[in-house]
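Quick notes on the structure that follows.
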Amino acid sequence: MSLLVVGLSHRSAPVSVLERASLSADSQAKLLQDTLAAEPAVEAAVLATCNRIELYADVDKFHAGVAELSTLLAQHSGVGLDELTPYLYVHYEDRAVHHLFSVACGLDSMVVGEGQILGQIKDALALGQELHTAGRLLNDLFQQALRVGKRAHSETGIDRAGQSLVTFGLEQLAEGRDPGAWAKGKRALVIGAGSMSSLAAATLARTGVAEIVVANRTRARADRLVEILGQAGGTGVTAHAVEMAAVSDELTRADVVVSCTGATGLVLSAEAVAGALGLDFDPASEAPAAPVPAPLAERDEQHAAWVENGSTTTTAQARAERRIPAQSTGPVRLALLDLAMPRDIDGGAARLDGVRLVDIESLAEASADAPMAADVDQVRTIVADEVAAFGAAQRAAHITPTVVALRTMAAGVVAGEIARLDGRLPDLDEKQRAEISQTVRRVVDKLLHAPTVRVKQLASEPGGAGYADALRELFDLDPQTVAAVSRADLNDPNRGRS
């Protein structure tokens, strides 16, 4: 196993960089195809969410793999490599497995313990399978990550430590009040009809808003979400859909807005929000300060450490570059929750009188200060155990084709000797011949049993990869035969499907 992951997330990069580096569905597919075409990689998968972009690959060379994957991330994200490098982290082999398992359990999420990441990991695996870029290693890895995440949520109280971004965002909007009491009777506008927007609408309905208006670029999807809200019994919420062109009008009547679209530009400008509230807007006063990049020498030093050590995170630098807009004071007339990446709502809207804006950036700040539940330690233990088990299973699987090839060769030797016996003793009856054949097979099986069991045990231990080579040398096995067994296993149609 030569698993490599190169990525950036809310823990390593400011939101301003994550916004620019976000990948569309088409970009993800092209990134996977280009990664597989690159010399060091034989498998690839990409995990792209609102707060992380990670490229996983099975590589034959570490340094070449790091250079190639980081270059590909820069090319497809549109952020220059020199600018992107200080925010990248690298994990290799067991550390890469540990990272993905931690991600799957919600330990690396902006809101610790949230379960939405499992669906995103499943989508990443499905894309790799659809494009045939995920082979044996990544299929096994992502399938096991899903199982580990589900185990963590079922065996521990990690769900109590975390919640969805939507719930956490509403708590931030409520500013310490009970979200149910805060939302009761309010009129909500939900912009977008994807998975996050759907979750937002359902959460708002459960929280107690009186009315939900859904706006989406594709009206049919907005209508479908409204239909689903109507089927959710017991909430008593009134819901209807509108065209995106009606957002400005709906904004004048809304108390709370949740936006999460796939748009590459702003959906709500500060000027539009000001107009809805009847406020004057001076765009000259809203120009944000540009982030100050790390000095070139510092970035070169970080890059050197990154390549040498296999991992680096620059969380402190990322936090220093975050630019949370100052919130207005006074009573809140309009609450805005922006869950999109890149952002949907202009950060300048936060400075408008009567407006409170919570976005991915401010959620990251609030989550960083939140206490972690005691269950997190239990989840970390689960992750450590699962990483060890996965590594052992992968190392054992590496020797399996050699063991199969050995037993195949032994079966061929037995068949050849039985055929020679038939020629020398043609008068043997069927019962005698069957008994002799069975005896010879038992002898061969007993001779091979202890060595093959022991070699699997040894191969499953760290540093045990060389035992497969030793077995091939000792028994003079044809490498082509071993490779054929590997290909047959890899091409099994029942293997690794999500």
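The values are calculated or read from the model by the stated rules, or taken from the named source; none is laboratory data. Worth saying up front: this structure is predicted, and the values here are computed from it rather than measured. Don't worry about glycine lacking a Cβ; one is built from the backbone with ideal geometry, like all the others, and counts go over all protein chains shown. Areas reflect the complete protein model, heavy atoms only, side chains present, ligands, DNA and RNA absent. Shrake-Rupley method; radii C 1.70, N 1.55, O 1.52, S 1.80 Å.
Residue under question is Val42, and the condition is that it be open to solvent by less than 30 Å² (accessible area, probe 1.4 Å) and in contact (Cβ under 8 Å) with a residue 40 or more places away in the chain; does it hold? No; evaluated as a whole, the condition is false for this residue. Of the candidates Ser12, Ser70, the single residue that is open to solvent by less than 10 Å² (accessible area, probe 1.4 Å) and assigned to a loop (DSSP other than H, G, I, E, B) is Ser12.
Yes/no matrix, rows are residues, columns are (1) over 18 Å from Ala335 (Cβ atoms); (2) at pLDDT below 90:
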{"site": "Gly194", "(1), (2)": "yes, yes"}
{"site": "Leu204", "(1), (2)": "no, no"}
{"site": "Ala215", "(1), (2)": "no, no"}
{"site": "Leu225", "(1), (2)": "yes, no"}
{"site": "Gly230", "(1), (2)": "yes, yes"}
{"site": "Ala239", "(1), (2)": "yes, no"}
{"site": "Val257", "(1), (2)": "no, no"}
{"site": "Gly265", "(1), (2)": "yes, yes"}
{"site": "Ala270", "(1), (2)": "no, no"}
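When we screen Arg136, Arg147, Arg217 for residues that are surrounded by fewer than 21 Cβ atoms within 10 Å (Cβ to Cβ), charged (D, E, K, R) and over 26 Å from the mean Cα position of the chain (by Cα), the only hit is Arg217. Is at least one residue of the range 375-384 out of contact with any helix residue (DSSP H, G or I) (no Cβ under 7 Å at 6 or more places or on another chain), aliphatic (A, V, I, L, M) and either farther than 30 Å from Leu137 by Cβ or modelled with pLDDT of 85 or more (or both)? Checked the range 375-384: at least one residue is out of contact with any helix residue (DSSP H, G or I) (no Cβ under 7 Å at 6 or more places or on another chain), aliphatic (A, V, I, L, M) and either farther than 30 Å from Leu137 by Cβ or modelled with pLDDT of 85 or more (or both).
With respect to Phe142, determine if the residue is under 15 Å from Met110 (Cα atoms) and in contact (Cβ under 8 Å) with a residue 60 or more places away in the chain. Answer is no for this residue. Screening Arg177 on (1) closer than 27 Å to Ala201 by Cβ; (2) surrounded by fewer than 20 Cβ atoms within 10 Å (Cβ to Cβ); (3) touching a Gly at 6+ places or on another chain (Cβ under 9 Å) shows it passes everything except condition (3). State yes or no: is Asp58 charged (D, E, K, R) and assigned to a helix (DSSP H, G or I)? No: the conditions fail for Asp58. Scanning the range 337-346 for residues that are of a type outside the set (Asp, Glu) and either over 12 Å from Ser16 (Cα atoms) or more than 27 Å from the chain's Cα centre (by Cα) (or both) returns Leu337, Leu339, Ala340, Ile345. Within the range 190-219, can you find the residues that are part of a helix (DSSP H, G or I) and under 25 Å from Ala272 (Cβ atoms)? Result: Met196, Ser197, Ser198, Leu199, Ala200, Ala201, Thr203, Leu204, Arg219.
Of the residues that sit in the range 152-165 and are modelled with pLDDT of 85 or more and open to solvent by less than 70 Å² (accessible area, probe 1.4 Å), which one is farthest from Ser198 (Cα to Cα)? Result: Thr156. Against the numbered list (1) open to solvent by less than 20 Å² (accessible area, probe 1.4 Å); (2) within 27 Å of Thr261 (Cα to Cα), Glu83 comes up short only at (1).
When Thr452, Thr402, Thr481, Thr439 are checked against the criterion of being modelled with pLDDT of 75 or more, part of a helix (DSSP H, G or I) and within 30 Å of His132 (Cβ to Cβ), Thr402 stands alone in meeting it. Testing Asp34 on (1) closer than 22 Å to Glu361 by Cα; (2) under 20 Å from the mean Cα position of the chain (by Cα); (3) among the acidic types (Asp, Glu), one condition comes back false. Which one is that? The failed condition is (1).
Of all residue pairs spaced 6 or more apart or on separate chains, those with beta-carbon atoms under 9 Å, a first member in the range 98-111 that is within 19 Å of Pro14 (Cα to Cα) and a second member that is assigned to a helix (DSSP H, G or I) and polar (S, T, N, Q) are Asp108/Ser102; Ser109/Gln116; Ser109/Ser367; Met110/Ser367; Val111/Thr167; Val111/Ser367.
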